[in-house]
1. Between residue B:157 and residue A:183, what is the spin-label point distance in nm, taking each point 7 Å from the Cα along the Cα→C-beta axis?
2. Compute the Rg/Rh shape ratio of segment B:253-377: radius of gyration over Kirkwood radius, all on alpha-carbon atoms.
3. How big is the shadow of the Cα convex hull of chain B, averaged over all directions, in nm²?
4. Which distances, shortest first and in nm, link residue B:463 to the matching position in the other copies, using label points set 7 Å out along Cα to C-beta?
5. Between copies, how far does the label point of residue B:22 sit from its twins, in nm, shortest first, when each point is 7 Å from Cα along Cα→Cβ?
6. Distance between Cα centroids, segment B:167-196 to segment A:354-402: provide it in whole Å.
7. Which value at 222 nm does chain B reach when only helices count, each DSSP H run of 4 or more adding -39,500 (n - 2.57), with the total divided by all residues and rounded to the nearest 500 deg cm²/dmol?
8. In segment A:5-245, what percentage of the DSSP-assigned beta bridges are antiparallel, given to the nearest 5?
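Bear in mind these aren't lab numbers, they're just calculated from the coordinates by the rules spelled out. It should be emphasised that the depicted structure is a prediction, and the values quoted were computed from it without experimental measurement. Here the Cβ positions follow ideal geometry from the backbone for every residue, glycine too, while neighbour counts run over all protein chains shown.
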């Protein structure tokens, strides 16, 4: 007789054990009705995983531990497995708990501290090696079960101790990223016991990042995934289920849920979301995401025109607002711009001292001010529109277009936005994001009807080398990548042969000096822009190199390495 | 014959091994001239300690390791001890090196990973336990020396292995805070060997914090400090020296050096520093610090008057600028304010929808915009003026007065600013900070000639309960403190008996409901203000509870603990 095991894929709300435990109780009650033997909940599901220095509060930890008794109290006639801290003499562990018949009979601490990316285990938690199995008796047959917490799954020493188990119950709270999608399947493929892996769903945050949990709890038999729960970042209780995973929309789902949960958990009062609608791509995508997440009533668009805004982009903005059914208010900021220029005169600065770039930034910051004012009047929240390429290069005016309460696109390259736009149009089954904002890529050309522009002066176009810079910045923000390796592959020709090679040629960077000049411009911009990123809103993390808590930076300059210098000289001598 | 040991208290520049190693070479040459046996440099002195994810770059680590050979190459006839990483199969240690006669003969890895506060060792480094001694022969006599790296000094197991040593060479890179001033003396008091403790000097940063190293390298004999180097955050080479430590100015020195080093290392081009001079206390102190750090030529003050600014504060600003010899430009922002209000009308908002608070924030952000514009025209950098109480409570307008490249006062309470102001006036030997901005505290009263005000509307005064809130916020940002303990001490009467009790009575918070209402207001403001802190400039850390990398926070709400609820009910029933 095999065990009937239920998966409690909880949407864990940080800081709210009362809410989480109530939902656990409801699921336990359901499981009892379903004749379930054991129900499994995620790692750190009582109070959330990412709590920053709240972990230092002994009162808070005491509060979390209190709930263990509450949960155990519901385990009459059913086994319950869940994650919470365990504490002994002020030493704190990340642990898996097992209770049965109102008694906690097994506690499994985590051995592998998670310390990279957004994780900060070492600051709060202690590592502990220990045995890993308990017994569940059903119809006089004994089943051996092991609990594995979080990344212990990837620790060979931990897993060796579990070979004799009949079942492995893996509990985790794993922020989703595009990079890690198949990591667990590959790992479990090597395991013999039946594996029930339960992940959290929903959103938590680290201050500088909003991290999303896709759920996607699953069951493996002989290493094969035989059952998968919802992977759209939502809660689910299931004994075993199969969910249709159209991976196509995963990123889109992630962003929509991120907005929903941020709005619900952090804001909590159903505010209006304020967005500057320029008619450009980034704000169009953001407005569409907001509408998908919260409905058109909750979104307020504003067109903040300057004399440089083309009728086309104004039309784009209006058309998109109409298509989404959101209200848009139109106006212009030129009077404030004029008053600001005159005020500069009062302070003794003349027009010669104010070249175009000064006026571009003045206008961007005026937009920041009026959006903030709209937001205050509407008792609303401002949404940031920037993408990762802008964030990386600092192509945004601090206190201007860099403002907002959250940044849903700040970990996506522009190229990822092109694909996302097409998905949004597919979902809506109409042209929400104007097709004319998307490039057409032919064999030899990159065609734009309307190339990306900040429209802060005449005939201004963004200086980014799209497709190539998208690739380059993804590389350079990956902690495993050294710029020297990119240079090496340029030198030996393999870079030009690779997929990105066509774009390097497209932008004439196959000319060595142009390549080096461009590379050093990107490196310099990325370095200087750190001071802006320090003051930018929290970014929704979708890769393992998201700026914020995932990719940590300091301000300052760096010596050039010897190898860099050597490679640069060799390239220039090509 | 005892050994002649020199201390190389290096001002370590993050990211610049070429600079650091050149200075080490110069000191080694000097030490040779002085007939020194061994010269000791700080922990991680080759490339800096706080490098964030640059530690992940294998190329960068290779570059740092290259310099070990360079340093060893200078050790002919002299022993050299220094700190750098050590790497084996991609496992990285924080290590102490010893080279003699051009050969590295001893490497001491650090055992204790530093993981709290601004430290993040566990993300990049591995812990290693090992032996801790080497031998130096002089005049046929053998001396046993141990190297201790960083916080290993506080690890009993590490120190036990060193009891047989004649000398302990302690190398550290320890960010200074007010809290830790005497920690090392207390620890070393228990040690028998002669201890040479060498610390770094200068500034490094963690992104969100600017951390300062006071130096204060020292020599202990039988646990007694017998020699101390400069503790004013500056570099020093000394065989043994005694520096006059007038602790009185330590905090002032820290802030002045922080500005100097941030300006030199991070900005690097001698920019003008832009500061809004309102005539209030915080901006007065900041202007004085800037002038002390960089000279009056480098400071540009701007008075950004609204109709609510009193003649008195304008006079303060002018008088202070005159006293400091800095240029001040006067003007007003009312035209921009008017244009902004009218633009709101264009967008369909009427005056009834814009209560006073909306206008206060509009004006604050206009100041943000014009200061940013001044800064761009002058090719300058904006200085933030906010203090820790404002940062904690969010008493600043985001994108308005919260802006800037660095925040020198963001970890100081207002009460600390009062003392600092008096020190500044003493240093200048004249009234730089207007005395009328400082309160007079008598037995029963708190007297202000000019109480703190943002002057954004008529008769507006800051809502903070000075002295009490300063104390409360210092407590609440300390990770070891639970709010429940404060409530407990209110309940049992000990809080009212304590030093802060007089202020609790002064503000009539000895009335239980008033106490709870005020406490919950503070807690709520501190929680809501996190979204602002996420977007604020880097703060100079002067305590162990500095916002930024030292005191980590997430956004969101929290369940109230059972004990909190209980205590609150008991207090309200008092």
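1. Once both label points are built, they end up 2.9 nm from each other.
2. Radius of gyration over Kirkwood radius for segment B:253-377 works out to 1.06.
3. 30.0 nm²
4. Inter-copy label distances (nm, one decimal, shortest first): 4.5.
5. For residue B:22, the inter-copy label distances come out at 6.5 nm.
6. Here the two parts' Cα centres lie 48 Å apart.
7. -10500 deg cm²/dmol
8. 65 percent
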